[in-house]
Amino acid sequence: MKFSVRVNKYYESRKIYEELEEDNPAVYLLFGLCNYIAGNDTVNQGRQMLEDLKKGIIHELPNYKVDEVTRIENYTRTGKLEYDLKKMAKDGMKIGELLSVLFKDVWHKTTKDLIGDINDNTKALIDIVSEINTAMPEVTPEVFEDNFPKLMEQHDWSEVESEYQKDKKMHTVSMRWLQEKQERELQEVLEMDIMYHADDPSTDSVEKSDYPYHRRFLSHKFEDNPSYQEAYTKFMEFATRQEEMIIPKLGEYGKYIATHIDKFRLEQKKELFTIIKRFELIHKDMVRLKPELGKYLYSSNSLVSLENTKLFAPYFHIKEMLKSEWFRNLRVDTKYNDMWADAFAEALMRSEYGCQIADEWKEKDYKIKGYVIGCLKEAGVFNANVSNDSLAKDAAIIRNTRTFGKYIGADSQKQPYAEWVREHADDYCK
């Protein structure tokens, strides 16, 4: 295999791992082992290629994006692989022991037995898929509405949230701006033809729709056309307009997606859910400006799981740090317990500063830990008489306690989330 092919496959494999959502840890362990073998082979081939190149021998022309494949953070990403493998090794079991436990059902079978089992599983899977395909159209909209939050959890919304926060900073967030944004976000997704598979509306439905109201918030340069008006009418069959808000009917909308999921293009599949997330963000701000609108909010789980997002690594390590023995010994009140640590870390990463923290975490996780400790000290979580050096020594995050004490001290108060921590430190006490 060419060296360039190996490099690209090794690089892509680490990206793929970030998207794994298996429940069986055996998948993670085997991935790690295969990645180790692939990495070894690639390194050895690369060394030979470099030696030969110095001798004037060229085996191939490098065919990969150097800027991408030479950045270590592109491989470590959220730290998911390290987290998963360390979690499996918590009892000190060796790799061979782990494999024998995870594959105990097939450990003593022959490869002939194995291929027979694989074929049996494949046939069983075909039958199950066929049964699900038959049962899905019978599911009621009420069931889809109850389960829609779980469907939303299957996507990483950190980028969408980050883009929204950046957009807010560039504008004055008024009700008018929020409504324009809502209508234009809908316009963008409708122009991707996500309503193509919905039933054709009647002439009466098109004429009675509130399209003229929607059109008022689009750019004055937008050119009306029958196809777009039809798509809008189709979408509003799955939503209602309540004052300034477009409220999706998640049950009917969910069933529409499920009925036609195999017909959508890849980019359409995520956008079907992205518009719901964008509406959720916009509606939260609308309610802040006009609290009485809160009664219209549809049922959705805004606390989407952080796992498999770039927010997860800092969330996990910050909350674990705040559950440590040194923290329990130095806190001023037992109300800052493990439940508080979980809630505080999650709220911080879901705040407008979460994406910034996640981006900086890859290169300076220990600094951020120091900043958080320092901000909590300013918030009164630690006794004011406890020195920064003492905190640094007891936390033992890095060996150089003097340097870590500096992060806890003046450096922490320069962080954009310092005020947020001071204001929210007590919000999650149980």
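The values are calculated or read from the model by the stated rules, or taken from the named source; none is laboratory data. Quick caveat, the model's predicted, so the values are computed rather than measured. No Cβ is skipped: glycine too gets one built from the backbone with ideal geometry, and neighbour counts run over all protein chains shown.
Inspect all residues belonging to segment 161-174 and state whether any of them is surrounded by 10 or more Cβ atoms within 10 Å (Cβ to Cβ), under 30 Å from residue 261 (Cα atoms) and among the hydrophobic types (A, V, I, L, M, F, W, C).
For segment 161-174, residues surrounded by 10 or more Cβ atoms within 10 Å (Cβ to Cβ), under 30 Å from residue 261 (Cα atoms) and among the hydrophobic types (A, V, I, L, M, F, W, C): absent.
Conditions (1) loosely packed, with under 12 Cβ neighbours inside 10 Å; (2) touching a residue at least 24 places away in the same chain (Cβ under 8 Å); (3) outside the structural domain of residue 365 (by TED's automatic domain parsing), marked per residue:
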| site | (1), (2), (3) |
| --- | --- |
| 25 | no, yes, yes |
| 41 | no, yes, yes |
| 48 | no, no, yes |
| 54 | yes, no, yes |
| 75 | no, yes, yes |
| 85 | no, yes, yes |
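List the number of the failed condition for residue 86; all other conditions in (1) modelled with pLDDT under 90; (2) more than 20 Å from residue 23 (Cβ to Cβ) hold.
Result: residue 86 passes all but (2).
Within segment 232-286, which residues are assigned to a helix (DSSP H, G or I), free of Cβ contacts under 8 Å to residues at least 12 places away in the same chain and surrounded by fewer than 15 Cβ atoms within 10 Å (Cβ to Cβ)?
261, 262, 266
Just to be sure I understand, how many residues within segment 412-430 are closer than 22 Å to residue 333 by Cα and either assigned to a loop (DSSP other than H, G, I, E, B) or modelled with pLDDT under 90 (or both)?
So the answer is 9.
Checking residue 340 against (1) surrounded by fewer than 18 Cβ atoms within 10 Å (Cβ to Cβ); (2) more than 27 Å from residue 399 (Cβ to Cβ), only one condition comes out false. Which one?
It is condition (1) that residue 340 fails.
Could you list all residues from segment 159-177 that are in a helix (DSSP H, G or I) and of a type outside the set (A, V, I, L, M)?
Listed by number, the residues that qualify are 159, 161, 162, 163, 164, 165, 166, 167, 168, 169, 176, 177.
Among the residues of segment 145-158, which ones are touching a Lys or Arg at 6+ places or on another chain (Cβ under 9 Å) and either in the same structural domain as residue 356 (by TED's automatic domain parsing) or assigned to a loop (DSSP other than H, G, I, E, B) (or both)?
Correct list: 155, 156, 157.
Report, ordered by the first and then the second residue, all pairs with beta carbons closer than 9 Å, sequence separation of six or more or different chains, a first member in segment 186-209 that is at negative phi and exposed (fewer than 11 other Cβ atoms within 10 Å of the Cβ), and a second member that is at pLDDT 95 or above and part of a helix (DSSP H, G or I).
Sorted first by the residue in segment 186-209, then by its partner, the pairs are 199/234; 200/230; 200/234.
Give the residues of segment 189-231 that are assigned to a helix (DSSP H, G or I) and in contact with a Leu (Cβ under 9 Å, 6 or more places away or on another chain), sorted by residue number.
189, 214, 228, 231
Condition first: touching a helix residue (DSSP H, G or I) at 6+ places or on another chain (Cβ under 9 Å), of a type outside the set (Lys, Arg) and not in a helix (DSSP H, G or I). Can you find one or more residues in segment 178-188 that meet it?
Looking only at segment 178-188, we keep the residues that are touching a helix residue (DSSP H, G or I) at 6+ places or on another chain (Cβ under 9 Å), and these are 178-179, 181-183, 185-188.
Right, trim to of a type outside the set (Lys, Arg) and you get 178-179, 182-183, 185-188.
Next cut, not in a helix (DSSP H, G or I) only: none.
Within segment 178-188, not a single residue is touching a helix residue (DSSP H, G or I) at 6+ places or on another chain (Cβ under 9 Å), of a type outside the set (Lys, Arg) and not in a helix (DSSP H, G or I).
When both residues are 6+ apart or on different chains and their Cβ atoms are under 9 Å apart, which pairs have a first residue that lies in segment 92-110 and is in contact (Cβ under 8 Å) with a residue 40 or more places away in the chain and among the aliphatic types (A, V, I, L, M), and a second that is assigned to a loop (DSSP other than H, G, I, E, B) and surrounded by 10 or more Cβ atoms within 10 Å (Cβ to Cβ)?
From segment 92-110, the pairs are 99/107.
Among what's in segment 311-362 and is assigned to a helix (DSSP H, G or I) and among the polar types (S, T, N, Q), pick the residue that is nearest to the chain's Cα centre (by Cα). First the steps, then the outcome.
Keep residues of segment 311-362 that are assigned to a helix (DSSP H, G or I), which gives 312-321, 325-330, 338-350, 354-362.
Next, from what is left, pick out any that are among the polar types (S, T, N, Q): 329, 356.
Numbers: 329: 34, 356: 14 Å.
Among them, the one singled out is 356.
Considering only residues of segment 343-389 that are touching a residue at least 40 places away in the same chain (Cβ under 8 Å), of a type outside the set (D, E, K, R) and farther than 25 Å from residue 78 by Cβ, which is surrounded by the fewest Cβ atoms within 10 Å (Cβ to Cβ)?
Looking at residues that are touching a residue at least 40 places away in the same chain (Cβ under 8 Å), of a type outside the set (D, E, K, R) and farther than 25 Å from residue 78 by Cβ, I get 383.
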